[in-house]
Amino acid sequence: MNPVGFPIVTVITFFPLAGAILLLFVPRAKEEILKWMALVISLVEFAVSLPLFIFFDEGVAGMQFVERIPWIPEWGVNYVIGIDGISLLLVLLTTFLTVLCILSSWRSVERMIKEYMIVFLILETGMIGVLASLDLILFYVFWEVTLIPMYLIIGVWGGPRRIYAAVKFFLYTMAGSVLMLVAILALYFLNGKATGEYTFDLLKLYQTVLPINTQYLMFAAFGVAFAIKVPMFPFHTWLPDAHVEAPTAGSVILAGVLLKLGTYGFIRFAIPLFPVAAFKAVPIISVLALIGIIYGALVSMMQADLKKLVAFSSVSHLGFVMLGMFAFNVQGVQGSIYQMLNHGVSTGALFLIVGMIYERRHTRMIADFGGLAQVMPLFATFFMVVTLSSIALPGTNGFVGEFLILLGTFRRIVGSRTSI
Amino acid sequence: MLSSVPPIYFLIVSAVIFAIGAVGVLIRRNAIVIFMCIEMMFSAVNLTLITASHHLNSLDGVLMVFFVMTVAAAEAAVGLAIFVLLFRGRGTIKVDEINLLKW
Amino acid sequence: MIELVWLIPLFPAIGFLFNGLIARWFNLDKRIVGWVACSALGLSFLFSILIFFSLVQLAPEARVAVPDRILFDWIVSGDLKTVIGYKVDPLSIIMALVVSGVSFFIHIYSVGYMHDDSGYTRYFAYLNLFVFMMLTLVLANNFLLMFVGWEGVGLCSYLLIGFWFERDTPANAGKKAFVVNRVGDFGFLLAIFLIFVHLGTLEFNGVFAGAHSLDAVTVTIITLLLFVGATGKSAQIPLYVWLPDAMEGPTPVSSLIHAATMVTSGVYMIARCNILYSMAPVSMAVVAIVGAATAIYAASMGLLQFDIKRVLAYSTISQLGYMFLAVGVGAFSAGIFHLMTHAFFKGLLFLGAGSVMHAMSGELDMRKMGGIWKRAPITFWTFFVATLAIAGIPGFSGFFSKDEILWQAFDSTHGHVLLWLVGAAAAGMTAFYMFRLLFVTFFGRCRASEEVKKHIHESPPIMTIPLIILATLSLIGGYVGIPHVLGGRNFFHEFLHPVFGGHPEGAGHAAFSLVKPAFASGGAGMGGGDSKELLLMGVSVAIAVIGISIALYLYIWKTEIPKRLGERFKTLYTVVFNKYYVDELYEASFVNSTKRLGTFLWHRFDDGVIDRGVNLVADVMLWLGGVLRRIQTGRVQGYATGIILGAVIIILFLIR
């Protein structure tokens, strides 16, 4: 199952870390070298991730490019990673966005460039690790790995209220993660007791059958952790603060990839591990998603700070993703996954755009601008195109995603005369 | 001659001395007095050990007493050295005035 | 030839890409931009004509059975499969002809009109993009692609209304247009979902073939939702408010988008879905009523406006009401016929208004005009022809189309005499305000300033030739649809009959006949129908003549009366002049309440509840820490006490 010949996923996962370690040896003063090295590393990373796409076999269901190395055999913990269609697209999105983030930090990050680049690369390792891991403990480790670099990015290179925002982000996410750890361990023990095999391997744990009440609790635990990350209403309040205070590249990677880790968690872990509970949770999650959509939109409408506006619009968009995912039909789920990609691209672009004008005027208040199109016509055109994608104008990528999501949700509710 | 006194009396005496020593450790403010109380506690333990050893006709208790006395002596030396330094730094030897670890 | 239908929208798309990207980037000469844009449209028009002739050569039944030209799959997910495909049948080819033809002439006119504008290249790029979207809309073979075109024309409308974005008013008008359109699109989208859920396909062929399996309630809901979309796009009550503001855009834009093409999308859509509508008489009644109500409502507002383009805007809303009235009573081909003639004369009227503006150095207020008919003759005569057409004077195209609508409103099984009455009243008002416009603008004493008077001139040929062409069409365009009663052969109706004739009559049971059996459908085609038609025709002509005469009286003969009337009926005048304060009403109710809700949710809920809760948790932790730290007294003896107590307790525990 590995047509490429070398353990490509491991390479993709750890290459940024290796690059970060390499950067450690460069003296702090040589800023240009640091920047170029980081850029080259991320470009190489992106190039190495492309064969994943090229050699991916669309006809095969199940994981591809799987690698398995025993890690702590006594406890059933193994280093198992693999890629399937969903994670493939998100991995490509990650490597692609990281290149753009490093490019956009070129001039906007003025101090401690070395630390910044190192932290960013470690973050990339964490993100790809989350997307690729098929062992629960491994997943948890990578999940936590994404936490600290993001905290640092917001807290060190952010705006005036960065400490508050970073701590808030950290505590929110940590609270959810801890709950998830409890559930992981519970799953481990329950599965061990039932089958006699104590393991954290995801593919094996998919087969576990748990009593319904236990499933509810476990799904709730996983669900809360991911819901905080997505972010779903009402766990979303860390997002506006984190986005507003983070530097531009931090916002881009936060919105572009980190939020998707939450939705990815649902689709890879919470739903398949606890299917009955997930199905029963559809009304709650759908209602919360709907509230997120409308609430996010209403609040976003009244924002005076452009970045906060985009942040709340993210809440709204990801409400769509959750809504589609929990429609549990082909259109809904496909739309949801596609919309994850779309959101990564279009909201990433929006944050870059906001960063551009902030760079020039050091204000993000809409009232401080006006008539930009006359002075920056090219910028205005791109802004318009990205906005159209974000609002799902038919003909743009956002439309396909939203249409499929809405169609899936509609079918779930109204029912269908024709089969799925 | 020794066997005419039941061991229980020795143990009671030793317990009482131990208790007095313990209370003294907790109540007295002067560090040197606390130290003396700790020595008292050591003595009480020694008494218990000897009593038990005689009653059980074994030499183990007596050997332990040797160890205890050695350690007590070493500890006294080190402890008193610390107190001297403490006095030089803080100007007082009263234990409740040395509370830098207070919140 | 027919398989080349996909070229028709492709040419303007290429034009858009070329003008938008290459020409702007390299700052190419204006002439190149103009040539590219116009030839793109010219080619589109040419191909439309060629395909039309290929279609005509087929037998009538074969014309609706032409297989769709599918380019490639678009969205494939589970059992949803949508394609990029085009449909050629009489309805779509007529729409394509109207759109590409009228667009072509307006493009040529724009070359002259926009000549001095700095955004010349951008203008033509957007205009080509618009035609591309519109052609996609009318040629699409499935609902989803039609929706792409639907929203796409909305986008272009936004871009072109707000063309002079440096000013606040056009920018806001564009925004208003887009948002109001989107409200309507919500209905359209819901209808698409319902259609897919019940019929499993979004392609027109599949949907209309399987439509009979739908039950009455579902069909009614679907058609009503589709109509909601139509009210947004075609500016009917209650979503018409964007159209008058849209006049901020350049005049050729108003002509093309807001008269001839985009606003007619709703009519086209209902005509395309005629099978669905025929199964839902309630929806048809709603369409007809809203159409008639809009017709007279908008006409009433047009009576008093002073801005030429505003009058024409309200006139457009009113005429669209007629088209909806037509399709609402089941006269689909009449609606499309009026769509076509309206494109001619309304397009011409707007272009004429542009020409007048050109002559009057940018003035649009008709109070500051007058007496220019001699100095701008071509403008005047073409305008006059168009006005006669819209007033419904026999011989001109508007007469045939409007008359057929009124007749069908009276006679059809879905019709009702009240509808006819409203329509006729609106027709009278139309004649009145159009001739008011004509007289005040072109006749009488010239009320312009001296500076402006000096510069009054006829427009250059590049602008007047399209005027002449459109005027000719306004004159002769109606002769393809001469009703039988006048001895002619209604080619138009015949051509479209295969598209509209096939609806199941069974479910169709006029809603009105349940309500007012005595006055319902004045004849339903029984004997004596012919004479009734002639009678009604005569009545509507008479009404038009009366309207014209009143206008003549008030604005040529006794010009001081209008002002006196205005003062006598001051409140009524103010209300109507201020468009019944609908804009203010919407602003106060919908816009402001949404804004307040958003602010409320933001400050009171997001910050007030959730964040307060989170910070509360943090504060509780801090408080707890504050309490617990008191154990750290720093006194060693205290710690020792604790240790000893603990040890004693454990020993006691162990002994027990």
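The values are calculated or read from the model by the stated rules, or taken from the named source; none is laboratory data. Nothing here was measured: the structure is a model prediction, and the numbers come from that model. Here the Cβ is made from the backbone with ideal geometry for all residues, glycine too, and neighbour counts use every protein chain on show. Note: areas computed on protein heavy atoms with side chains; ligands, DNA, RNA excluded. Shrake-Rupley method; radii C 1.70, N 1.55, O 1.52, S 1.80 Å.
Which of the following residues is within 14 Å of chain B (Cβ to nearest Cβ), on the phi < 0 side of the Ramachandran plot and loosely packed, with under 10 Cβ neighbours inside 10 Å: C:Arg630, C:Arg635?
Criteria check complete, one pass: C:Arg630.
Could we say that C:Thr231 is β-branched (Val, Ile, Thr), outside any loop (DSSP other than H, G, I, E, B) and more than 14 Å from chain A (Cβ to nearest Cβ) here? Lay out the reasoning, then the answer.
Details: β-branched (Val, Ile, Thr): yes; outside any loop (DSSP other than H, G, I, E, B): yes; more than 14 Å from chain A (Cβ to nearest Cβ): yes.
Yes: the conditions hold for C:Thr231.
Going through B:Phe66, B:Phe18, B:Phe87, B:Phe35 one at a time, which residue ends up being under 15 Å from the mean Cα position of the chain (by Cα) and free of Cβ contacts under 8 Å to residues at least 24 places away in the same chain?
Residue meeting the stated conditions: B:Phe66.
Filter the stretch B:7-36 down to residues that are within 14 Å of chain C (Cβ to nearest Cβ) and open to solvent by 60 Å² or more (accessible area, probe 1.4 Å), then give me how many there are.
Count: 6.
Could you grab me the full set of residues in the stretch C:141-193 that are more than 9 Å from every other protein chain (Cβ to nearest Cβ) and among the β-branched types (Val, Ile, Thr)?
Scanning the stretch C:141-193 gives C:Val153, C:Ile161, C:Thr169, C:Val179, C:Val180, C:Val183.
Does C:Asp583 fit the bill of being assigned to a helix (DSSP H, G or I), surrounded by 13 or more Cβ atoms within 10 Å (Cβ to Cβ) and either free of Cβ contacts under 8 Å to residues at least 60 places away in the same chain or among the aliphatic types (A, V, I, L, M) (or both)?
Working: assigned to a helix (DSSP H, G or I): yes; surrounded by 13 or more Cβ atoms within 10 Å (Cβ to Cβ): yes; either free of Cβ contacts under 8 Å to residues at least 60 places away in the same chain or among the aliphatic types (A, V, I, L, M) (or both): no.
Here the answer is no, as C:Asp583 does not meet what is asked.
Identify the single condition in (1) farther than 25 Å from A:Thr381 by Cα; (2) modelled with pLDDT under 90; (3) within 17 Å of the chain's Cα centre (by Cα) that C:Asp215 does not satisfy, given that it satisfies every other one.
(3)
Please find, among C:Leu7, C:Leu58, C:Leu46, C:Leu21, the residue that is more than 13 Å from C:Asn128 (Cα to Cα) and surrounded by fewer than 16 Cβ atoms within 10 Å (Cβ to Cβ).
C:Leu58 is the lone residue from the list that is more than 13 Å from C:Asn128 (Cα to Cα) and surrounded by fewer than 16 Cβ atoms within 10 Å (Cβ to Cβ).
In the stretch C:170-202, which residues are of a type outside the set (A, V, I, L, M, F, W, C) and outside any helix (DSSP H, G or I)?
C:Gly200, C:Thr201
Mind telling me which of the residues A:Tyr264, A:Tyr295 ends up being more than 16 Å from A:Thr347 (Cα to Cα), within 14 Å of chain C (Cβ to nearest Cβ) and either open to solvent by less than 10 Å² (accessible area, probe 1.4 Å) or of a type in the set (Ser, Thr, Tyr) (or both)?
Sole residue among the options that is more than 16 Å from A:Thr347 (Cα to Cα), within 14 Å of chain C (Cβ to nearest Cβ) and either open to solvent by less than 10 Å² (accessible area, probe 1.4 Å) or of a type in the set (Ser, Thr, Tyr) (or both): A:Tyr295.
Can you find, within the stretch A:311-344, the residue that is nearest to the other protein chains (Cβ to nearest Cβ) among those that are surrounded by fewer than 24 Cβ atoms within 10 Å (Cβ to Cβ) and in a loop (DSSP other than H, G, I, E, B)?
A:Asn329
Within the group C:Gly625, C:Gly566, C:Gly547, which residue is in a helix (DSSP H, G or I) and within 14 Å of chain B (Cβ to nearest Cβ)?
The match here is C:Gly625.
Which residue is surrounded by the fewest Cβ atoms within 10 Å (Cβ to Cβ), if the candidates are limited to the stretch A:225-252 and must be small (Gly, Ala, Ser) and within 14 Å of chain C (Cβ to nearest Cβ)?
A:Ala227
Within the group B:Ser58, B:Ser53, B:Ser4, B:Ser43, which residue is in contact with an Asp or Glu (Cβ under 7 Å, 6 or more places away or on another chain) and more than 14 Å from chain C (Cβ to nearest Cβ)?
Of the residues listed, the single one that is in contact with an Asp or Glu (Cβ under 7 Å, 6 or more places away or on another chain) and more than 14 Å from chain C (Cβ to nearest Cβ) is B:Ser53.
Based on this model, can you work out whether A:Tyr358 counts as surrounded by 17 or more Cβ atoms within 10 Å (Cβ to Cβ) and away from every other protein chain (no Cβ under 12 Å)? Explain how you work it out, then say what you get.
Working: surrounded by 17 or more Cβ atoms within 10 Å (Cβ to Cβ): yes; away from every other protein chain (no Cβ under 12 Å): yes.
Here the answer is yes, as A:Tyr358 does meet what is asked.
From the set of residues in the stretch A:13-33 that are at pLDDT 90 or above and open to solvent by less than 50 Å² (accessible area, probe 1.4 Å), which is nearest to A:Pro51 (Cα to Cα)?
Across the stretch A:13-33, the extreme among qualifying residues is A:Thr13.
Return the total of residues in the stretch C:458-495 being at pLDDT 75 or above, open to solvent by 20 Å² or more (accessible area, probe 1.4 Å) and either in contact with a His (Cβ under 8 Å, 6 or more places away or on another chain) or among the β-branched types (Val, Ile, Thr) (or both).
Total satisfying the criteria: 7.
When the stretch A:373-420 is examined, which residues are found to be without any contact (Cβ under 8 Å) to a residue 60 or more places away in the chain, in a helix (DSSP H, G or I) and touching a helix residue (DSSP H, G or I) at 6+ places or on another chain (Cβ under 6 Å)?
Within the stretch A:373-420, A:Ala373, A:Ala380, A:Phe383, A:Val386, A:Ser389, A:Asn397, A:Gly398, A:Phe410, A:Val414 qualify.
Between C:Phe600, C:Phe605, which is open to solvent by 80 Å² or more (accessible area, probe 1.4 Å), within 14 Å of chain A (Cβ to nearest Cβ), closer than 16 Å to A:Ile291 by Cα and free of Cβ contacts under 8 Å to residues at least 40 places away in the same chain?
Sole residue among the options that is open to solvent by 80 Å² or more (accessible area, probe 1.4 Å), within 14 Å of chain A (Cβ to nearest Cβ), closer than 16 Å to A:Ile291 by Cα and free of Cβ contacts under 8 Å to residues at least 40 places away in the same chain: C:Phe600.
For a quick check of your reading: which helices (runs of 4 or more DSSP H) sit entirely within the stretch A:95-196 and have at least 3 residues that are among the small types (Gly, Ala, Ser) and open to solvent by 10 Å² or more (accessible area, probe 1.4 Å)?
A:162-195
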